[in-house]
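In what follows, a structure is listed as structure tokens, so that the remarks can point back to it.
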Ligand SMILES: [Zn+2]
């Protein structure tokens, strides 16, 4: 274990520490974090947002990038149509997905949720919770279809 000073605040930290206990800087023992990943955005914009924003990896501060656009694609995606590991949008596709219309392994939909574990007004999944539900294990007011009776 080698003690060095934090790049951001100068507090003593382990050289290989993940975060600084004082200021929360990521990888504080390293002089600089190289940005990694891939970013692309369309020239076209609407209401201040790029029409398409693709963002993977992390920036030079070590923070994970978030794609934010009318169509957003990335490990974290926020937008009108969001596609990502974590996705939030009007239409949302992700491992963990939240939206008005949502599709994901864990899927929360204000109107419609589709996926494995789903919560929504209309919810269809292996485990489905909602007002109108369908799936294997369903918990809802109106059961559209269910494997368990
Ligand atoms: Zn610090």
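Derivation of every value follows stated rules applied to the coordinates shown; laboratory data play no part. From a predicted model like this one, the values you see are computed outputs, not experimental measurements. When we count neighbours, we look across all protein chains shown, and the Cβ atoms used for this are built from the backbone with ideal geometry, even at glycine.
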Inverse of mean 1/r across different Cα pairs in the chain, Kirkwood, Å:
17.2
List 19, 118 from most exposed to least, where exposure is judged by having the fewest other Cβ atoms within 10 Å.
19, 118
Subtract the Cα-Cα distance of residue 147 and residue 85 from 0.36 nm times their separation in residues, and report this length gain in nm to one decimal.
19.5 nm
For the chain the mean separation of alpha carbon contacts under 8 Å (6+ apart) over residue count, i.e. relative contact order in percent, is 8
Segment 73-149 and segment 1-39 have their Cα centres apart by a whole-number Å value of 38
How would 53, 58 line up from fewest to most surrounding beta-carbon atoms within 10 angstrom?
58, 53
